[in-house]
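Below is one structure; the comments refer to it alone.
What follows draws every value from the coordinates through simple rules; no lab data is involved. It should be emphasised that the depicted structure is a prediction, and the values quoted were computed from it without experimental measurement. Cβ placement follows ideal geometry from the backbone for every residue including glycine, while neighbour counts extend to all protein chains displayed.
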Amino acid sequence: MHSRRILAIIVALGCAAAVSNQGLLSAAGISAARDNFDGQCAKCHGESGQGDGPAGMSLSIRPRNFTDCSRMSKDSNERIFNIIKGAANRRA
Ligand code: HEC
């Protein structure tokens, strides 16, 4: 599982000014992060992370828009990391 890399691309797509990205966005990791996101997440969260992927349109709970700074800045990197790993309660 490439949870750190996926977290890096969420930070890159989203609210980099509000969400701390220290140590996450190395040049070496960013294209691998993009591949992970495109393959596993974009179908729901959209290629640009706006929550508008085709597979998310029919869900009753819409996928998170990672570019919504006011919402994303409420989640710590640790929380997002744990969500990606499946270790956090999404609705908490
Ligand atoms: C099947 C569609 C789907 C896929 C694929 C998907 N997500 Fe989501 N994601 C959702 C939905 C729907 C929500 C909103 C859940 C909620 O509000 O409880 C969400 C919420 C999130 C959240 C915010 C959760 C919170 O409560 O703060 C993060 C972070 C996230 N997704 C990351 C990812 C990542 C990273 C991937 C790829 C590894 C991914 N998602 C793949 C549908 C999806």
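Descriptive notes on the structure:
- Difference of contour (0.36 nm per residue) and Cα-Cα distance, Q40 to E78: 11.7 nm
- Förster radius 22 Å - calculated FRET efficiency between S48 and R71, Cβ distance, rounded to 0.05: 0.90
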